[in-house]
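Beneath this line is the structure, given in structure tokens, with notes to follow.
The values are calculated or read from the model by the stated rules, or taken from the named source; none is laboratory data. Computed from a predicted structure; not experimentally measured. FYI the Cβ positions are ideal-geometry reconstructions off the backbone, even for glycines, and counts take in every protein chain you see.
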Amino acid sequence: MELDQNEVMEKFFQFIKTECSQDLGKLIITGKKSLIIDFTKFDAFEPDIAQALIDNPSKYLDIFEDALVQFEEGLREKVFVRFINLPINYYIKIRDIRSKHLGKFLYTEGIVRQASAVRPTCTLIIYKCSNCEQKISVIQDVTEIKQPDRCPNCGARRFDIIKNKLVDTQRLVLEESSESLEGGQPMRLNIILKNDLVEPQMVKKTNPGSKVKIIGVVNEYAKNMPGTSTKSVIYDIMLEANNIESIEKEYEEIDVTQEDIEQIELLSKDPDIYNKLIRSVSPSIKGRSQIKEALALQMFGGVRKERTDGTKGRGDIHILLIGDPGTGKSQLVKSMSTVAPKARFVSGKGATGAGLTATVVKDEILRGWALEAGALVLANKGILCIDEIDKMSQEDRSAMHEAMEQQTVSISKANVQAVLNCQTSILAAANPKLGRFDGFKPLPEQIDMPITLLSRFDLIFPFRDMPDKESDKSLAEFILKSHQNMENYSAEIPAELLRKYVSYARQNVSPKLSDEAIEEIQNFFVNLRNKEVVSTSGPRPVPLTPRQLEALVRISEASAKVRLSKQVTLFDAKKAINLMKLYLSQLGMDPETQELDIDRVMSGTTSSQRSRIYEVMEIIKRLEKSFGKDIPLEEIMNEVRNKGIDELKAEEIIEKMIRTGELFKPRHGVIRRINK
């Protein structure tokens, strides 16, 4: 039924005066350009007009805006009418939008994957006939300029442009969020924002990685055939936004009922809760209980600190699993991507620096540049699981440095400059360089990763595959029985409840360190760094640094979150210390001195190795006075023997220094030092 336009205008303005008079008054005073209307109130006031709006939004939105200008004397210019709170039956998933929705009013949700630069776009052109000077107004679409076929007055086909109307426009690409996926590739939808929806304060809501709800009108636009200007019979769908709302990017999208809260609080008081969490992380993998506990704590995370001087301390925990093939690393990483409330999974071979952080791409519609978010940004306030991180190129891995510590991603390419939030925990798995783990070589020598990236991981766990009759028998029995009856190896806490548990803890619990916890962590840090060492010659080993101290705090806070405790207790501090000891004892032990030395992990060179390097360099410098720049290798080895240094280790040091560019061989049997 066609409604009378004048009647619609009067009824709409009557609704505004009844329900939105205060909002209209504020709008007139502040000079804002949009009036926000609650659709549920409008539907209750005028159900027929509300239904007409759903069926023909373009027409009725224009009528509403004309009504405001006509009846409200205080308005000096056009005001845009924008709606919120559409009923749930008007929510359509991105993958479910079809041709029947064209021209309809609806809303959808997703993550902003791309955001173009804001550019002026022509929406209306007024033409003048070259023959009779008749004026003709033509409304423009997004992709191409339209002009009249012929003059309605004289039939001529030549026109001159006398005036056009430009509005600020931005294009977004909205992608289905990971939690709403039903398998397969996430679908995308083009979004067009205009007028005050692209003002600076609104653009902050639509940064790539943001989760948004968009209300708008579904339109189609014709695509060109590849490589030609000919229009294709295949059309693409575009949503012209009427309003846009931010949805929290954290864990709020998970619906936690009062019944769930009661169940979560009951679980948190269970004295066996930590063991239940361990048995809920990859129950199909035997053992690895301490590593599973660390992964469970990673989901809960620490507390992000924003200090008064503007600096920020991350609360996210980064974990690296490294070791032999077939030990379950990849399975652990994959299972975490399915259990964690918000997670993304990527594989090293299929991941690039741009795909992880962000990149700038060509905008197909607005003909400019668009910013596209990568996996780290899309997993903001969640977990990014990276398998085979050692297979990534060095350039791609270097893109992660800023994201892991500063938790931002900075882009400055083409004409796009942006800083994106990236509060993401990273769980990565890697294989040793030569295929199998060697416990007697420093970690950096066995994995092709830069030390600067390696040092950003809070915990690093090795997986070793050591043949042992009893453990092999137990492992084989476990695997074979799991094939026989899979139900015996299900998670103790169901995945859905675990997701809600983590979500509730992260939203509602921000524990603070107690005096007892501070004292325990401080004593561990101070005593370990200053304990007596076996050998006092050469530089002292550094068992751990302030970076590990901060990791201890984050792990302690995560442990407190498991119990929904507002305070980090002595129990939590000891749990964090035990995990740190496991990490250091397996990877930070100097095999020569049997002392903990964090430099073995962070730099690949222990203090005892550094001491020998200094001694070898001193020998070379001293021999330069006798032999000049070119020193016979045999003379160096004679001095090495006199000093009591192992010859094989001295040769290894010289070879390493040649590789690093400190020494070189001008000819066989001769060494020369490079003066820097």
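At-a-glance table
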| quantity | calculated |
| --- | --- |
| Subset tally (residues that are in a helix (DSSP H, G or I) and out of contact with any Phe, Trp or Tyr (no Cβ under 6 Å at 6 or more places or on another chain)) for segment 17-41 | 15 |
| Residue in segment 109-126 that is part of a helix (DSSP H, G or I), in contact with a strand residue (DSSP E or B) (Cβ under 7 Å, 6 or more places away or on another chain) and either surrounded by fewer than 17 Cβ atoms within 10 Å (Cβ to Cβ) or not assigned by TED's automatic domain parsing to the domain that holds Lys165 (or both) present | no |
| Some residue of segment 640-647 being in contact with an Asp or Glu (Cβ under 8 Å, 6 or more places away or on another chain), of a type outside the set (A, V, I, L, M, F, W, C) and closer than 30 Å to Arg529 by Cβ | yes |
| Where Thr359 falls short, out of the listed (1) of a type outside the set (D, E, K, R); (2) at pLDDT below 80; (3) under 13 Å from the mean Cα position of the chain (by Cα) | (3) |
| Qualifying residue in segment 72-83 (condition: in a helix (DSSP H, G or I) and outside the structural domain of Glu176 (by TED's automatic domain parsing)) | no |
| Whichever residue in segment 199-215 is touching a Ser or Thr at 6+ places or on another chain (Cβ under 7 Å) and among the hydrophobic types (A, V, I, L, M, F, W, C) and, among such residues, is modelled with the highest pLDDT | Ile214 |
| Selection status of Lys32, within 36 Å of the chain's Cα centre (by Cα), surrounded by fewer than 18 Cβ atoms within 10 Å (Cβ to Cβ) and modelled with pLDDT under 85 | yes |
| Among the candidates Arg547, Arg554, residue that is closer than 20 Å to Leu528 by Cα and at pLDDT 80 or above | Arg554 |
| Asn6 vs. criteria polar (S, T, N, Q) and free of Cβ contacts under 8 Å to residues at least 24 places away in the same chain | yes |
| Within segment 293-310, considering residues that are of a type outside the set (Asp, Glu) and over 20 Å from the mean Cα position of the chain (by Cα), the one nearest to Leu497 (Cα to Cα) | Ala294 |
| Residues satisfying the stated conditions in segment 294-322, i.e. on the phi > 0 side of the Ramachandran plot and buried (at least 16 other Cβ atoms within 10 Å of the Cβ) | Gly301 |
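Here's the yes/no breakdown for (1) at pLDDT below 80; (2) of a type in the set (Gly, Ala, Ser); (3) over 25 Å from Gly110 (Cβ atoms):
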site	(1), (2), (3)
Lys391	yes, no, yes
Ser412	yes, yes, yes
Asn415	yes, no, yes
Ile426	no, no, no
Phe440	yes, no, yes
